[in-house]
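Heads up: the structure comes next, in structure tokens.
The values are calculated or read from the model by the stated rules, or taken from the named source; none is laboratory data. Here the structure is a predicted model, which means the values were calculated and not measured. Virtual Cβ from ideal backbone geometry, glycine too; neighbours counted across all protein chains shown. Calculation scope for accessible area: heavy atoms of the full protein, side chains included, ligands and nucleic acids excluded. Shrake-Rupley method; radii C 1.70, N 1.55, O 1.52, S 1.80 Å.
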Amino acid sequence: MRRDLLFAAVTARAPDNSEGAHLERLQGIAVSPGVAIGEALILDNEGFRIPRRFVQRDAVEAELARLTLAVEAAAAEVDRNRVRVAAELGDEYAAIFSAHLQMLNDRRLRQELEDMIRTRHYSPEYSVSRALGKYAKVFQSLDGEYMAERANDIFDIQKRLLRHLLGSSRQELAQVTSPVLVLAHNLTPSETANLNPQFVMGLVTEIGGPGSHTAIVAEGLGIPAVVGVGHFLTDVSGGETVIIDGDQGLIILHPDEEMLARYRHEVEEQRTLAAKLETLRDLPAETTDGVKVTMLGNIEFPAEVQQCEERGADGIGLYRTEFLYLGRDDDPPEEAHFAAYHEVVQAMHGKPVVMRTLDLGADKMRTMPNPEDERNPFLGLRSIRLALRNRDLFRVQLRAILRASAHGTIRLMFPLISTLLELRQAKMVVADAMEDLDEAGIPFDRNIQVGMMVEVPSAVLMMDRFAEESDFFSIGTNDLIQYCLAVDRSNKDVANLYTAADPAVIRLIDMAVKTANAHGRPISMCGQMCGNPLYTMLLLGIGLRSLSVTPAAIPEVKRVCRSVSIPQCERVAAQVRTLETARDIKTYLKEELSKVFPEFPV
Ligand code: PEP
Ligand code: MG
């Protein structure tokens, strides 16, 4: 059937069943704990917000005129494309635009949109989003690639119309001013970082994996989040009430009263637990047999220092400085770096701050990746490799870090070191920057410690050599897991394989800690693994005494530390070493944790 005729057949038949729709539970990947209940704010691929808005009765005619203008503008645009493509590639290729044109001019669709505005008083934006979303959903429900493509055609038209309707009124996500749950196809880490946690109560994306930076940033902001749900945005409209269960990785659409009551009760319980944990703030993370564990915080922005302070952190174990680049279009000048770093060290009042040098690339890009980009970005020019290729950029940052080191306790750390030569080269750039500052008479800490992240298996295998040249180590499990198991941390389709509980990952950690200890080099962990109380006993049993976690996780991890003894943890680690699968290890650790804290949602 021709595309346009097929569309006409569907518009004739598709029921508008979104009112009174049935409860739907969708499983995704749990990446940031907590429960959120609230109004959905939908962002499509282009980030359009389509809340349910109503138009005043006396504005209906003007809104209808606006719709007409948008349809005409979109049709003119499609026609221009049709003419150009026909001239360059031939009529066969231009047929797709003819079909889009037919759909835009479809009488039944137009009538439906006008009815929504006239009788339900929906805004044209909301009407377009809802009506076309409904048709796309019908095509998606039909089998076959051809039908899936038709759904994409409809999304294309929807986007085009919305672009014309929204024009310059497109609101930025950062400017949301009422409580919402953000539901999106995807969000970049910097978009996520710009969310205002005062209003964004929860977050769900269709794509994304457990170790993606979007997930990590959501956790850092303390926003319950679920990623990798798959297609669902067409099943929900802006303004509807949804539930996000960040503990179980669920999103619940069209919840009934019973479900809402259950989750409201859970929100209350969480508040009680959080209040209980708050009392730990000024107590040390000390085991029952008197061993002190250093609890550090991971931050992306200076503003997060306050959260670390509020939760009693002993310092900052990971400052992801690359977020300074992600929030802007140009490269930050030295003064912008310095201002941010200075703010952090000052606020920490002499407590140590581990500043990781820029770790850009892979999923930490300024814009959404396009298909022309590197095919394997996680194996490509990212992180320290990118910094060493762009030495001017790198030097600007290093100068700022060194300058800030005169005002507090800073430790410098390189990300993703995979060879000794890389470490040596990076240290040479630091030495150059020091020389420049010396010549200019600018003060800095001459004894600044320079260390590296351990996030590539080669770094673990060569650790005895690295120990001779690196002042300290910090294990980055987020990357170590993906490079150990060959699993892309941001790909939902292999998320089941991405786990810190894999025995191979645990062996690498074990090796790293043993080697560092044998060489008398301090070693810490800053990957997400150590923010999960499930692993606390294991990590203490392996020999780690310094953990750097998302500020929100400090109280829970501290609570585990204060309830266990080192010999008990060593027994747990010994037992884990005998187990062969991630599933067995997780089950065992859950049992052990529930003996200590039955109420933890593990
Ligand atoms: C890690 O890889 O564990 C880490 C802490 O760095 P990031 O998550 O920023 O890659
Ligand atoms: Mg990393």
Whole-Å semi-axes of the ellipsoid equivalent to segment 236-323 (Cα gyration tensor, √5λ, descending):
34, 20, 11
Counting DSSP beta bridges with both partners in the chain, what percentage is antiparallel, nearest 5?
35 percent
In a shell of Cβ-Cβ distance under 14 Å around residue 566, excluding residue 566 itself, what net charge do Lys and Arg (+1) and Asp and Glu (-1) give?
+1
Suppose R0 equals 41 Å. What FRET efficiency, 1/(1 + (r/R0)^6) with r the Cβ-Cβ distance, do residue 271 and residue 118 give to the nearest 0.05?
0.35
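Ordered by packing density, taken as the mean number of other Cβ atoms within 10 Å over each peptide's residues, highest first, how do 419-425, 406-412, 474-480 rank? Walk me through the numbers on the way to the answer.
Details: 419-425: 15.3, 406-412: 20.4, 474-480: 24.7.
Put in order of decreasing packing, that is 474-480, 406-412, 419-425.
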In sequence order, what are the phi-derived ³J(HN,Hα) couplings for segment 253-267 according to the Karplus relation 6.51 cos²θ - 1.76 cosθ + 1.60 with θ = phi - 60°, rounded to whole Hz, with x for glycine and proline?
9, 6, x, 8, 4, 4, 5, 4, 5, 4, 6, 4, 5, 5, 4
Within 10 Å, count the other beta carbons around each residue, average over each peptide in 521-528, 206-213, 87-94, and list them highest first.
206-213, 521-528, 87-94
So what is the relative contact order of segment 283-596, in percent, for Cα pairs below 8 Å that sit 6 or more residues apart?
20 percent
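Would you mind getting me the FRET efficiency between residue 87 and residue 310? Use the beta-carbon distance for r and R0 = 60 Å, nearest 0.05. Don't skip to the end; give the middle numbers.
Numbers: r = 64 Å, r/R0 = 1.06.
Computed FRET efficiency for residue 87 and residue 310 comes out at 0.40.
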Determine the shape class of the chain: with a ≥ b ≥ c the square roots of the Cα gyration tensor eigenvalues, call it rounded for a/c under 1.5, and otherwise prolate if a/b is greater than b/c, oblate otherwise.
prolate
Acute angle (nearest 10 degrees) that the helix 60-89 long axis makes with the longest principal axis of the chain, alpha-carbon atoms:
80 degrees
Using a/c under 1.5 as the rounded threshold, could you call segment 271-406 rounded, prolate or oblate? The axes a ≥ b ≥ c are square roots of the C-alpha gyration tensor eigenvalues, and prolate needs a/b larger than b/c, oblate otherwise.
prolate
Accessible surface, per residue, of the chain when the full set of protein chains is kept, probe 1.4 Å, Å²
44 Å²
Can you give the accessible area of residue 147, probe radius 1.4 Å, in Å² rounded to 10?
40 Å²
With DSSP loop assignment and no more than 10 other C-beta atoms within 10 Å, the GluC sites (Glu not before Pro) in segment 563-602 are 580, 599
For residue 483, the accessible surface traced by a 1.4 Å probe with all protein chains present amounts, in square angstrom to the nearest 10, to 50 Å²
For segment 489-602, compute Rg over Rh where Rg is the Cα radius of gyration and Rh is the Kirkwood radius from the inverse mean 1/r over Cα pairs.
0.95
Sequence-separation-based contact order of the chain, relative, with Cα cut under 8 Å and 6+ spacing, percent
14 percent
Segment 283-596 -> Rg/Rh from Cα coords, Kirkwood Rh, value 0.96
Suppose R0 equals 22 Å. What FRET efficiency, 1/(1 + (r/R0)^6) with r the Cβ-Cβ distance, do residue 58 and residue 199 give to the nearest 0.05?
0.10
Alpha-carbon Debye profile of segment 188-233, log10 I(q)/I(0) at 0.15, 0.31, 0.32 Å⁻¹:
-0.32, -1.21, -1.26
Summing -39500 (n - 2.57) over every DSSP H run of at least 4 in the chain, dividing by its residue total and rounding to the nearest 500, the 222 nm mean residue ellipticity is -15000 deg cm²/dmol
Per-residue counts of other Cβ atoms within 10 Å, averaged by peptide: what ranking do you get for 437-447, 381-391, highest first?
381-391, 437-447
